[in-house]
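A.B. asks: Let me give you the structure first, and then I'll get to my questions.
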Amino acid sequence: MKALIAIHQQSVNNQPLPTVSARELHRFLEVGRDFSSWIKGRIEEFGYESGRDFLAITGSPDLAKSFSPDLGKSQIGRPPIEYHLTLDMAKELAMIERSPMGRVARKYFIKCEQLAREAVPLLLETVFKCKPDWARMLEYRRMGLNNNEIAGILGQHRR
């Protein structure tokens, strides 16, 4: 599947989650408002929470120039804030826009999630074929055993 919008891994609430750049989504959706007003308005209007729905990272002045090429050399401008959105937030923003591109983006994010869910069992099967002890460790963990108990069963010693 061709990537319409790049998906990156970020840590949100200490959990690795796929995220998308809000700027890239804004460009893809062909929103009529400027980026800063659009994202801040959507966050406020729909109650999105930093650390749960998105990460906000302040960029450098050099990054500001790259997003505002019309800035002269004597003007630096305010460093932009980069927003990394969870796929759930990105899907919702795509639906909110109610445009043909919003519909395309929403379907794309749903397909990405579907492909990821389908890949996990295949990945685990491959790993467990290469490392059969890992499959047994996972099963023992599901039974409620701790690491020392599992190591004892598998004949290994913790260091």
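What follows is calculated from the coordinates using simple rules that are stated; it is not laboratory data. This is a predicted model, so every value here is computed, not measured.
A.B. asks: Long-range amide H contacts for Ile81: which residues qualify at under 5 Å (H placed 1.01 Å from N, peptide plane, sequence gap of 5 or more or a different chain)?
C.D. replies: Gly59
A.B. asks: Out of residues 5 or more away from Gln10 or on other chains, whose amide H comes under 5 Å of its own, with H placed 1.01 Å from N in the peptide plane?
C.D. replies: Leu17, Thr19
A.B. asks: Provide the per-residue ³J(HN,Hα) series for region 16-23, in order, calculated from phi with Karplus coefficients 6.51, -1.76, 1.60 and θ = phi - 60°, each as a whole number of Hz, with x at glycine and proline positions.
C.D. replies: The phi angles translate into x, 9, x, 9, 10, 6, 5, 5 Hz.
A.B. asks: Using the alpha carbons of region 110-153, what is the convex hull volume per residue in cubic angstrom, as a whole number?
C.D. replies: 76
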